[in-house]
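The values are calculated or read from the model by the stated rules, or taken from the named source; none is laboratory data. In this text the structure is predicted, and so the values were computed from the model without any measurement. Note: ideal-geometry Cβ built from the backbone for every residue, glycine included; neighbour counts use all protein chains shown. Areas reflect the complete protein model, heavy atoms only, side chains present, ligands, DNA and RNA absent. Shrake-Rupley method; radii C 1.70, N 1.55, O 1.52, S 1.80 Å.
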Amino acid sequence: MQVREIIRLKGGTLFTTTPNALLVEAIAAMAEYDAGSLVVMSGGKMAGMLTFREVLKAVNAAKGKLEGVTVAQVMVADPVTVPPSMPVDELRRL
């Protein structure tokens, strides 16, 4: 199986946010679109990823008080990317 097959199964919709967006706004978008993650875009390029894991860690660290917390403060910056043609088995080596 190749990465492109997972992308095809997942669907072609890409949900995004920006580093400067407030985390509460990103959480609202994730809830509205039932998305487990958002691609963080800056200047037309991928700057990071925001997943439920980062959200939960931020909620825990801030004791639920997320006022003023931005996506940039909690996202995974410069995540590993792979080409769609890469076999899924090779992902374990990264």
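Quick notes on this one:
- Restricting K63, K45 to residues that are on the phi > 0 side of the Ramachandran plot, modelled with pLDDT of 90 or more and among the charged types (D, E, K, R) narrows the list to K63.
- Of all residues in the range 16-29, one or more are without any contact (Cβ under 8 Å) to a residue 12 or more places away in the chain and surrounded by fewer than 16 Cβ atoms within 10 Å (Cβ to Cβ).
Each row is one residue, and each column tells you yes or no for (1) closer than 22 Å to V24 by Cβ; (2) open to solvent by 40 Å² or more (accessible area, probe 1.4 Å); (3) without any contact (Cβ under 8 Å) to a residue 12 or more places away in the chain.
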| residue | (1), (2), (3) |
| --- | --- |
| V55 | yes, no, no |
| A61 | yes, yes, yes |
| L66 | yes, no, no |
| A72 | yes, yes, no |
| T81 | no, yes, no |
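- Criterion: among the small types (G, A, S) and closer than 17 Å to I7 by Cα - qualifying residue of G36, G43: G36
- Single residue of the range 32-53 satisfying the filter (farther than 18 Å from N20 by Cα and charged (D, E, K, R)) that is surrounded by the fewest Cβ atoms within 10 Å (Cβ to Cβ): D34
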